[in-house]
Amino acid sequence: MVNHPDPRQLAEIAAKAAASKLATDIVAIEVQAQTIITDIFVICSADNPRQARAIMNEIDHACHEVGADPKTIEGNDDFRWVLMELPGVIVHIFLAEEREYYGLERLWNDCPQIELPDFDKIGFAGAQTAGEGLTNQEAEQMIVGLD
């Protein structure tokens, strides 16, 4: 039996990985009292399909590092809404218009949100060591991700 991080730790790992690829509006919602499918939803937004793919790849890599490979990944054909099923956590990566349309936060608004670190304030190695004010090309290189 593999020893995975608990769902809260895994949600934070996924959120941090998403933030490192410049995902926005990252939230974690504790849904275990309302559903048996998972304990936590992590929801984030991407600006375009290319960024959604990079976020997905980074979350996959970060979770693999801690022995929590995704059980399934859905939606990686067009990257408008990617769903990653991790042990005890389901990650939703949306393009902004898809996120607005499906409104998962509205559907689960009676569930408590989990406090996540303010990733914008703490910064990430790639963004902070490169200095303030990345050029468009530098930002695009951060978003590309690994294949």
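Descriptive notes on the structure:
- Database remark: amide H of ILE114 closer than 5 angstrom to the amide H of ALA28, ILE29, GLU30 (H placed geometrically; neighbours at sequence offset of 5 or more, or on other chains; Pro and chain starts carry no H).
- For peptides 27-38, 47-58, 77-88, sequence by mean Cβ density within 10 Å, most packed first: 47-58, 77-88, 27-38
A short reminder: the numbers here are calculations on the coordinates, not readings from a lab. As the structure is a computational prediction, the values presented were derived from the model and not from experiment. Using ideal geometry, Cβ is built from the backbone for each residue, glycine included, and neighbour counts are taken over all protein chains shown.
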